[in-house]
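Beneath this line is the structure, given in structure tokens, with notes to follow.
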Amino acid sequence: MAFSLNDARIGVVGLGYVGLPLAVECGKRYATIGLDINAERIAELESGVDRSLEVEPAELRSATGLRYTTCPEDLSGCNVYIVTVPTPIDAYRRPDLTPLVKSSETVGRTLKPGDIVIYESTVYPGATEEVCVPILEAESGLVYNRDFFCGYSPERVNPGDKEHRVSTIRKVTSGSTPETADFVDALYRTVVTAGTHKASSIRVAEAAKVIENTQRDVNIALINELAILFHKLGLDTIEVLEAAGSKWNFLPFRPGLVGGHCIGVDPYYLTHKAQEIGYHPEIILAGRHINDHMGEYVAGRVVKLMTQRRIHVAQSNILVLGLSFKENCPDIRNTRVTDIIHELQSYNARVDVHDPWANPDETLAEYGIELRSGLQAGHYDAVILAVGHHQFRDMGADAIRALAKPGAVLFDVKGILPADLVDGRL
């Protein structure tokens, strides 16, 4: 490295749920360029609006050193690049590294001797040095760990969480050389008040990130399987969990749909790498199988309840309340509520979806789902409370039932309503 921390000029590549909050924190202390390929996103941020609702307008204004751009050439003055692009999976549940590859190409074209590239995107152990570094070398003509250096500091953003923010969540850091590791750690300590944990290598940091969400995924899968079992035994799952939770070391997981950009995706990065080296990860894949089919299970429960009440499912009107992958958040990435919708539509049911948080344009573009705003009272044969937005909690069971016909089915996926006021819940 040919510069000190005081000379850092930062380029953040990707201004989504992860990149924007980080760019804002960096922009309070350093000259920072925020790059995103979405021109509409950049225009909104320049006007002081964050549609993801992660950063308030006043906080955007406080980042006086931050400038937004869609032009990669604007990164030329930077010496530290932080890549925060998505790492999704494809239709076959395989890692899709396209955004990571494209951003590495972009950074590689502007890379100079002494520069540092830090990756935050969730990947499998080894991806940074096996996939990204060769691209950086090819595009720049520079040599890794001689001319430029890399770090990895996995994101820990929790969309919609106003308490656990970038600056208040302890950050794992790492670097490709001891000197680089020290620099990366020191850099993040200037913007993360919660402190850092410096890993011994990039691969350790990569592995630490991917198992954070894999662990949660497996735990939720266990509770989902228990919910299926307890329903067959005639037991209320939430009641059982509350009783078990009276012990101090019982983990408070709840059944539900597992979507979003992390928990429902990251385990496939780990299983991909495991299978690449000839190991079949049984528990991880079993958990993924259970969680990936919970939407179909919920739809099946609703169809059975309707049939028991002699409500014809075909041509019925069903309302799904909530589409985003979690409560009080507009993030619709990898939402598994769509599994419920598609399964019900396979029975030729007419499904309306209402979500006061989700962006209608994004929902239509991503899933072809047109959100309903005004809801007609007494219209629905079944109502599924799929996401626990505070608006639905505030409505309560009576107001939600008022949207349905007499004798209609009310199913509570999230368990936010009293058990005796709903017809079924996980």
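The values are calculated or read from the model by the stated rules, or taken from the named source; none is laboratory data. The structure displayed is predicted, hence computed values, not measured ones. Counting neighbours? That spans all protein chains shown, and the Cβs are built from the backbone with ideal geometry, glycine included. Quick note on the areas: whole protein, heavy atoms, side chains included, nothing else; ligands and nucleic acids left out. Shrake-Rupley method; radii C 1.70, N 1.55, O 1.52, S 1.80 Å.
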Search the stretch 273-309 for residues being part of a helix (DSSP H, G or I) and of a type in the set (Ser, Thr, Tyr), and hand back the single one that is nearest to Gly407 (Cα to Cα). Thr307
Considering residues that are among the hydrophobic types (A, V, I, L, M, F, W, C), surrounded by fewer than 20 Cβ atoms within 10 Å (Cβ to Cβ) and assigned to a loop (DSSP other than H, G, I, E, B), the number found within the stretch 104-150 is 2
Residues in the stretch 405-423 that are in contact (Cβ under 8 Å) with a residue 60 or more places away in the chain and open to solvent by 70 Å² or more (accessible area, probe 1.4 Å) total 1
Of all residues in the stretch 161-194, which are surrounded by fewer than 18 Cβ atoms within 10 Å (Cβ to Cβ), over 16 Å from Ile118 (Cα atoms) and either in contact (Cβ under 8 Å) with a residue 60 or more places away in the chain or among the polar types (S, T, N, Q) (or both)? Ser167, Thr168, Thr193
Against the condition under 28 Å from Pro267 (Cβ atoms), open to solvent by 10 Å² or more (accessible area, probe 1.4 Å), of a type outside the set (Asp, Glu) and in contact (Cβ under 8 Å) with a residue 60 or more places away in the chain, how does Val101 come out, does it pass? no
Could you say which residue among Ile220, Ile228 is more than 30 Å from Glu129 (Cβ to Cβ), under 22 Å from the mean Cα position of the chain (by Cα) and modelled with pLDDT of 95 or more? Ile220
Matching residues in the stretch 118-176 - criterion: being more than 24 Å from Glu59 (Cβ to Cβ), β-branched (Val, Ile, Thr) and in contact with a Cys (Cβ under 8 Å, 6 or more places away or on another chain): Thr122, Thr128, Val133
Suppose we keep only residues that are among the aromatic types (Phe, Trp, Tyr) and under 30 Å from Ile284 (Cβ atoms) within the stretch 78-119. Which one would you say is modelled with the highest pLDDT? Tyr119
Mind counting the residues in the stretch 247-294 that are closer than 18 Å to Asn158 by Cβ and among the acidic types (Asp, Glu)? 1
Which of the following residues is under 17 Å from Asn79 (Cβ atoms), of a type in the set (A, V, I, L, M) and under 23 Å from the mean Cα position of the chain (by Cα): Val101, Val172, Val191? Val191
Answer yes or no as to whether Arg156 is part of a loop (DSSP other than H, G, I, E, B), within 24 Å of Val80 (Cβ to Cβ) and open to solvent by 50 Å² or more (accessible area, probe 1.4 Å). yes
Every pair of residues 6+ apart whose Cβ atoms lie under 7 Å, when the first sits in the stretch 43-56 and is under 18 Å from Lys28 (Cα atoms) while the second is open to solvent by less than 10 Å² (accessible area, probe 1.4 Å): Leu45/Leu15; Asp50/Leu20; Glu54/Leu20; Glu54/Pro159; Val55/Leu20; Val55/Val24
Which residue pairs have Cβ atoms closer than 6 Å, lie 6 or more positions apart in sequence or on different chains, and pair a first residue in the stretch 69-91 that is closer than 23 Å to Cys150 by Cα with a second residue that is of a type in the set (Asp, Glu)? Asn79/Asp115; Thr84/Glu120; Pro88/Asp96
